[in-house]
Amino acid sequence: MTTAVYPGSFDPVTNGHLDIIRRASKMFDHLIIAVLKNSAKSPLFTTEERVKMLEEITSGISNCTVETFDGLTIDYCHSKNAQFMVRGLRAVTDFEYELQIAQTNRVIASDIDTVFLTTNLKYSYLSSSIVKEIAGYDGDISAFVDRRVAQRIKEKMRERSMKQ
Ligand code: ADP
């Protein structure tokens, strides 16, 4: 059985992530989406909220589960008996960083291979940070995230503005 881990902060999950999830789920028997705990210094969503959104939008993909982790990604892969790690590549900037990490990981754990999926061209510009920035100015994010995620972002922005 092939198991792959797709790690990330997913703060929040975008259509770019979802595209990678759909494609990767067809390549492996089991795909674990692994949400990194406390990855960003001040994430918009808590780890639990990010997991919930991911579970909601991937509920139709039967071989995909959502979990959380901290520490080294390769240690987490070992704990799940995963042989593969999935990463998405958007641009040259992603490539340099990702190549360095993948090569370092291969030295530490030669039994785990990183599989890179190139972004769907329509999402090559898309990142969680850009979505948050647009939403922060009350812009239209409907082309970038699932409608349920867009709704949560709106609610979160409203909560934040009320606190200020
Ligand atoms: P971000 O870089 O948006 O904060 P994450 O840290 O959650 O996202 O990224 C997790 C993985 O998903 C990384 O491998 C990243 O390159 C990939 N990814 C993010 N956005 C996209 C996209 N639009 N298309 C393809 N892959 C993506």
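Things worth noting here:
- Flag for M85 being modelled with pLDDT of 95 or more and within 11 Å of the ligand (Cβ to nearest atom): yes
- Within region 117-147, the set of residues being more than 8 Å from the ligand (Cβ to nearest atom), surrounded by fewer than 17 Cβ atoms within 10 Å (Cβ to Cβ), at pLDDT 95 or above and within 30 Å of T3 (Cα to Cα) comprises R147 only.
- In region 65-90, the residue that is nearest to R23 (Cα to Cα) out of those that are assigned to a loop (DSSP other than H, G, I, E, B) and touching a residue at least 60 places away in the same chain (Cβ under 8 Å) is R90.
- Of all the criteria given as (1) outside any strand (DSSP E or B); (2) more than 30 Å from G136 (Cβ to Cβ); (3) free of Cβ contacts under 8 Å to residues at least 40 places away in the same chain; (4) hydrophobic (A, V, I, L, M, F, W, C), the one not satisfied by I101 is (2).
- Subset of region 99-116 (residues that are more than 14 Å from the chain's Cα centre (by Cα) and surrounded by 13 or more Cβ atoms within 10 Å (Cβ to Cβ)): L99, I101, A102, N105, R106, A109, I112, D113, T114, V115
- Which numbered condition S62 fails, given (1) assigned to a loop (DSSP other than H, G, I, E, B); (2) within 17 Å of the chain's Cα centre (by Cα); (3) more than 12 Å from the ligand (Cβ to nearest atom): (2)
So that you can scan it fast, the table gives a plain yes or no per residue for (1) hydroxyl-bearing (S, T, Y); (2) within 9 Å of the ligand (Cβ to nearest atom); (3) touching a Cys at 6+ places or on another chain (Cβ under 8 Å):
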| residue | (1), (2), (3) |
| --- | --- |
| M1 | no, no, no |
| S9 | yes, yes, no |
| T14 | yes, yes, no |
| D19 | no, yes, no |
| K26 | no, no, no |
| L31 | no, no, yes |
| A34 | no, no, no |
| N38 | no, no, no |
| K41 | no, no, no |
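- Considering T93, T114, the condition of being more than 8 Å from the ligand (Cβ to nearest atom), closer than 22 Å to D11 by Cβ, modelled with pLDDT of 95 or more and not aliphatic (A, V, I, L, M) is satisfied by T114 alone.
- K154 more than 17 Å from the chain's Cα centre (by Cα) and under 24 Å from M1 (Cα atoms): no
- Filter result for M53 (touching a residue at least 40 places away in the same chain (Cβ under 8 Å) and assigned to a helix (DSSP H, G or I)): yes
The values are calculated or read from the model by the stated rules, or taken from the named source; none is laboratory data. Source: prediction; values computed, not measured. As a convention, Cβ positions derive from the backbone with ideal geometry for all residues, glycine included, and neighbour counts pool all protein chains shown.
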